[in-house]
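Contents: one structure, followed by commentary.
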Amino acid sequence: MDLKRKFGNSLGSTPTGILGGGGVSITKLIVKNIPKSISKNEIIENLKKIIQNPSINITIPITLPPDLIGKVDTDTTISFLSSQNLSQLSIIKNLINGKTIGDKKVSVDFYDVKKVIPTTPAPSTSTPPTSTQEESNKKIKLTNEKPKEKKPKEKKPKTLLPPSTTTNTITTNESTTSATTTTTTTTETKIETTTEIKEEKKVNQKKNKKLNDKKEEEKEEKEEEEPKKESIVRNNRAVINKITSQMSSCAEAKDYVQLVKAYNYLKKIGAKPDHITYGVMLNACVRCQEYKKVKEVFQDAIKDGNANEVVYTIYVKALCEIDMDESFATIKGMIETKPNIRTFNSIFRGCIRSGDIEISKSLIQLMKANEIYPDSTTIEYLIKIYSHHLMVQDIWDLLGKVYERMQGQISPICFSRLSLASLLAGDIKSAVKALGITDDILSKAPRSTQTTHKNKGKLSEKNKISSSLFERINKQEINEESDRVRNYLSKMTESRSKIKYHNMESFNRIYFSKNTFKNNVNRSIDQHSKPVTVATSPDSTLSSFNGLFNSYKKGGSNFNSNRSLKMEICSGHGHWVTERAGQDLDADWISLEIRYDRIFQIWSKMILEAIDNLYIVGGDAHGSLKEIIPDNILNEVYINYPNPPVWSGAERLINELFLIEINRCLKKDGTLTIVTDDKDYSDQIIDTLTKSKKLLKIYKPVKETYLIQLSEDYGYSYFNKLWNNGQRVKRYCIYISKIIN
């Protein structure tokens, strides 16, 4: 909804008045009969409560205007109301007229303030001219005009007259000359007097001009100060509620531009949002992935004293996306505002994605110190974190403390994940036990597959469909995970062999980027675990990758062979890359993924399905390519269903710099395939490819156009599940190859 239409013309405009009547006068409202016993601040507050419109300027004159002297009772005062929108004045007039302020009913009328023109002021010190002076001035004027009339006559030729006439004329001329001489003397005296008067007028005009200029400056300063004073007291609850609702709608639509405009408008009018408004703004910024703005809004909430546990929780949630250490430091520093269980759960959820087991352990101690008890969501998050680090015994200890109290609340995904972790750690007994509990829960209560932390608030129809679809897919994920464990247990029984790993980070075909996973590199071995490692340091895992890359370089074993090196960027849960690597045995595959929990899923699939030609890089796409992938080494690169930009101005994965970096890694005629179900994102990528001079020199479409038809056997992925479950969205496939100049 348009803010101007909703809240009036005050949005985005300056608080100065608008001239009416062709610029000759300023139309205002005058409020009369206000008791003098009330202070100016009280008068303004009373008028504001009645008006309920922040765009109306309220002023109380120090002295009465000259035209109102004698027309206002001595025990009352007046107030002026002005607005940019003159049509509002009629509404305000009817609203205030007859209302009681103090012990009197006020009356309201229109009032025209005449515009002062400072360039022609009347002299304040000069006396009014007398009649004698007026006559003298007239005579001076006439005298000065006579020579001007005679000049043309003197140029006329003289007429010859009879002697008598000439004599008379001479006599007359003599008398005229005498009279003229007398008049000239008088005129000179009068001219001197007039010059003095003019000089005095000029001096007075200069003085008056300075006084008027000073008054104008004081008036302008007063007008500038009035809105500032008003902004301090302007805190209209209705406006704040409406704009908060507007911001909530912007958040739902991920309209970041309008969201910021609405928030800035609140700051502009001097309104002080409460914790609800700050919560809505912070949550919207998190949804739009604008984490820099999150920090700015949070600081505003701190300054206004509105940073309660809800505001802190959303802020911590945002920090988990960019800096886990800072998020933990923030929750540790919450002294006056104590964190609640939702605040802790936000960081536990971040630990699942980042793999920070040390922060998780510290959080548990912090919860004990603050006497905060875990809920079913906390238990689910902790079991996932422990499972990803194969801490099987810790999971059973945790379940022993809470299972009876939370029976029926714990999701079956906790036990399916526990069975998978037990199998990878070589604890077959635990794997079988956890698998049995998973099957039991699924058979008794199929609907409990939904996660315990699901939002139970009001959902839109679109969100209800998405939530239902997520629950169906979540159930499929649990069944698939359980089936992988069950199938491997069957194979293990036949071969009488088992696997045993200390943790995922010690596996020699996984490399964790030092920039992304700084807390995971060189992690110390838990003293309660028995170390069974394959790689002992990040350098040893990197050497495995260097060995792979060297085999494809000149002189390597795979340099002139038909074997190729392929890579998927942003592999997610690894459905597509593990399937392709398992089928394409004549190639080596690299999977790149940033989230720790998803890397665990890829790794577990790779182990249980015995895929020996797959390597995993953990880290962000931009940095990891530069950090580990050499030049001219990859035959094929795939990016399947990258997250589209949240809003038009947001950062995106696939931009010009990233495409240039991929080109560096590709061999001659190497190909890049990008698949998305977002048409706008597809159009943006093609637009980038066709408008960038650099990209036009290094890429070309493999076919006639950039877009090609996606083949049916392209591969299985999470998005195929969406397709198979009814969300049939058109898919767009961009297929390009590297050009060597």
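The values are calculated or read from the model by the stated rules, or taken from the named source; none is laboratory data. Since we're looking at a predicted model, the values are computed, not measured. Note that we place each Cβ from the backbone using ideal geometry, even for glycine, and neighbour counts take in every protein chain shown. These area figures cover heavy atoms from the full protein model, side chains too; ligands, DNA and RNA do not enter into them. Shrake-Rupley method; radii C 1.70, N 1.55, O 1.52, S 1.80 Å.
Would you say G350 is touching an Asp or Glu at 6+ places or on another chain (Cβ under 9 Å), open to solvent by less than 50 Å² (accessible area, probe 1.4 Å) and at positive phi? Don't jump to the end; show me each part of the working.
On the way: touching an Asp or Glu at 6+ places or on another chain (Cβ under 9 Å): yes; open to solvent by less than 50 Å² (accessible area, probe 1.4 Å): yes; at positive phi: no.
So G350 fails the test.
Which of the residues spanning segment 598-624 are touching a Lys or Arg at 6+ places or on another chain (Cβ under 6 Å) and open to solvent by less than 20 Å² (accessible area, probe 1.4 Å)? Before the answer, list the steps.
Applying the first criterion (touching a Lys or Arg at 6+ places or on another chain (Cβ under 6 Å)) to segment 598-624 yields 608, 615.
Residue satisfying the conditions is L608 alone.
For segment 489-508, name all the residues that are farther than 23 Å from I385 by Cβ and either modelled with pLDDT of 90 or more or in a helix (DSSP H, G or I) (or both).
Of everything in segment 489-508, those that are farther than 23 Å from I385 by Cβ and either modelled with pLDDT of 90 or more or in a helix (DSSP H, G or I) (or both) turn out to be L489, S490, K491, M492, T493, E494, S495.
Filter segment 371-430 for residues that are of a type in the set (F, W, Y) and over 18 Å from S506 (Cα atoms) and give the result.
Within segment 371-430, Y373, Y381, W396, Y403, F415 qualify.
Quick one: in segment 492-522, which of the residues that are closer than 14 Å to G426 by Cα and open to solvent by 40 Å² or more (accessible area, probe 1.4 Å) is nearest to the chain's Cα centre (by Cα)?
The selected residue is Y501.
Filter segment 311-340 down to the residues that are closer than 26 Å to K361 by Cβ, touching a helix residue (DSSP H, G or I) at 6+ places or on another chain (Cβ under 9 Å) and β-branched (V, I, T) and list them by number.
T313, I314, V316, I322, T330, I331, T337
Of the residues in segment 61-79, how many are open to solvent by 20 Å² or more (accessible area, probe 1.4 Å) and either within 20 Å of I26 (Cα to Cα) or at pLDDT 85 or above (or both)?
Here the count works out to 9.
What are the residues in segment 404-424 that are in a loop (DSSP other than H, G, I, E, B) and either open to solvent by 10 Å² or more (accessible area, probe 1.4 Å) or in contact (Cβ under 8 Å) with a residue 40 or more places away in the chain (or both), if any?
Applying the first criterion (in a loop (DSSP other than H, G, I, E, B)) to segment 404-424 yields 404-411.
Hits for segment 404-424 are E404, R405, Q407, G408, Q409, I410, S411.
Answer yes or no: is there a residue in segment 575-588 that is part of a strand (DSSP E or B), closer than 20 Å to S551 by Cα, touching a residue at least 40 places away in the same chain (Cβ under 8 Å) and under 39 Å from the mean Cα position of the chain (by Cα).
No.
Could you list all residues from segment 361-377 that are of a type in the set (G, A, S) and either at pLDDT 95 or above or in contact with a Lys or Arg (Cβ under 9 Å, 6 or more places away or on another chain) (or both)?
S362
Kindly state which strands (runs of 3 or more DSSP E) lie completely within segment 591-702 and contain at least 3 residues that are touching a residue at least 60 places away in the same chain (Cβ under 8 Å) and closer than 16 Å to I569 by Cα.
Qualifying strands (runs of 3 or more DSSP E): 614-618, 634-640, 666-676.
Let's see how each residue does on (1) open to solvent by 70 Å² or more (accessible area, probe 1.4 Å); (2) at negative phi:
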position: E252; (1), (2): yes, yes
position: G270; (1), (2): no, no
position: V286; (1), (2): no, yes
position: E290; (1), (2): no, yes
position: A301; (1), (2): no, yes
position: N306; (1), (2): no, yes
position: Y315; (1), (2): no, yes
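May I ask you to say which residue of V310, V316, V286 is within 14 Å of the chain's Cα centre (by Cα) and under 30 Å from R598 (Cβ atoms)?
Numbers: V310 fails: within 14 Å of the chain's Cα centre (by Cα); V316 fails: within 14 Å of the chain's Cα centre (by Cα).
Answer to the selection: V286.
Which condition breaks for K368 when tested against (1) surrounded by fewer than 22 Cβ atoms within 10 Å (Cβ to Cβ); (2) touching a residue at least 12 places away in the same chain (Cβ under 8 Å)?
K368 satisfies every listed condition except (2).
Would you tally the residues in segment 550-580 being farther than 30 Å from E712 by Cβ and surrounded by 18 or more Cβ atoms within 10 Å (Cβ to Cβ)?
Number of matching residues: 1.
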